[in-house]
Amino acid sequence: MTINPEKFADHIAGLVQQIPDDPAIQKAADLFVKALTSGGVIHAFGSGHSEAVAMEIAGRAGGLVPTNRLALRDIVLYGNAPRETLDRYDLERDPAVARTILDLAPVGQEDLFVVISNSGVNGVVVELATLVKERGHDLVAITSQAHSGAVASRHPSGRKLTDLADVVLDNRAPYGDAVLPLPGGGATGAVSTITSALIAQLVVARTVRDLLEAGQAPPVYLSANVPGGDEHNLKLEALYEGRLRRGT
């Protein structure tokens, strides 16, 4: 038995064709527009590989300026936790960490949250989603419905991310994420980061389109590596002084 990498590309190509038809993408864009037109900021959180998707939403060229990326390391960067805390293998399973991350963030009442988690069951993810909803914010989730539906919650409440979000965006990753079976068990060729990034970019693109159609100038970053990029970006960031973080 061997694997065929081209089948992975074929699988992804099929998903790329399907995902834009998901009506939940427009529902998420509607919440983005609602937040931005109310003067809000969009906070994106993902742990592990899901942090790459949060980076698609917050602080990148072509993306929206009023965005923050929340991360596990915020408890060290902006809090008092020792650096060694980040070495805990079970950090993303500890619900208490979520409250610290949220309390350290510059959050306004009109802000929107996007939580990305392929499984949608770990303690930090579920607790963060719970606190976000308790505090009255809209919540968008990017997750794998197949994987989340096949595993138990690791949160004391028994709830999952999908139980809490106002809009659930399904990244269509299978249980276990990878799609090319290996001899003796297991698989390679993970799906979730690619499809979740596509979803994130589609939501942002539709948000920008809808703002333009409403006669509003969307606050979009230029690449810092083109002439005038820094000046353009700093001018827009100044409109949200004290509300944006661009830590590592």
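The values are calculated or read from the model by the stated rules, or taken from the named source; none is laboratory data. From a predicted model like this one, the values you see are computed outputs, not experimental measurements. Quick reminder, even Gly has a Cβ in these numbers, built from the backbone with ideal geometry, and neighbours come from all protein chains shown. Calculation scope for accessible area: heavy atoms of the full protein, side chains included, ligands and nucleic acids excluded. Shrake-Rupley method; radii C 1.70, N 1.55, O 1.52, S 1.80 Å.
For the chain, a Gaussian network of Cα nodes joined below 10 Å ranks 120, 186, 40 by mean-square fluctuation, and the top entry is 186. For the chain, the membrane-span-like helix rule (DSSP H, alpha carbon extent of at least 24 Å along the helix axis, mean Kyte-Doolittle at least 0.5) picks out 192-213; this says nothing about an actual membrane. Spread over its residues, the convex hull of the C-alpha atoms of the stretch 70-184 is 116 Å³ per residue. Calculated accessible area for the chain comes out at 47 Å² per residue, all protein chains present (probe 1.4 Å; ligands, DNA, RNA ignored). So, R0 is 30 Å and r is the distance between the beta-carbons of residue 205 and residue 88; what FRET efficiency does that work out to, to 0.05? Efficiency computed from Cβ-Cβ geometry: 0.20.
Shape analysis of the stretch 10-109 yields a ratio of the Cα radius of gyration to the Kirkwood radius, Rg/Rh, of 1.04.
Over the chain, with every protein chain in place, what whole percent of the accessible area is carbon and sulfur at 1.4 Å, could you tell me? After summing per-atom areas, the C and S share lands at 53 percent.
The slack in the chain from residue 7 to residue 99, taken as 0.36 nm per residue of separation less the alpha-carbon distance, amounts to 28.9 nm. Scanning residues 5 or more positions from residue 188 or on other chains, those with amide H under 5 Å from its amide H are 179, 180, 182, with H placed 1.01 Å from N in the peptide plane.
A Förster radius of 41 Å combined with the Cβ-Cβ distance from residue 222 to residue 30 puts the calculated FRET efficiency at roughly 0.95.
Among the protein heavy atoms, those of residue 221 account for about 20 Å² of accessible surface (1.4 Å probe, every chain in place).
With the convex hull drawn over the C-alpha atoms of the stretch 160-248, the volume per residue is 196 Å³.
In the chain, helices alone account for a calculated mean residue ellipticity at 222 nm of -12000 deg cm²/dmol, with every DSSP H run of four or more residues adding -39,500 (n - 2.57). Principal semi-axes of the equivalent ellipsoid, √(5λ) from the alpha carbon gyration tensor of the chain, are 29, 23, 18 Å from largest down.
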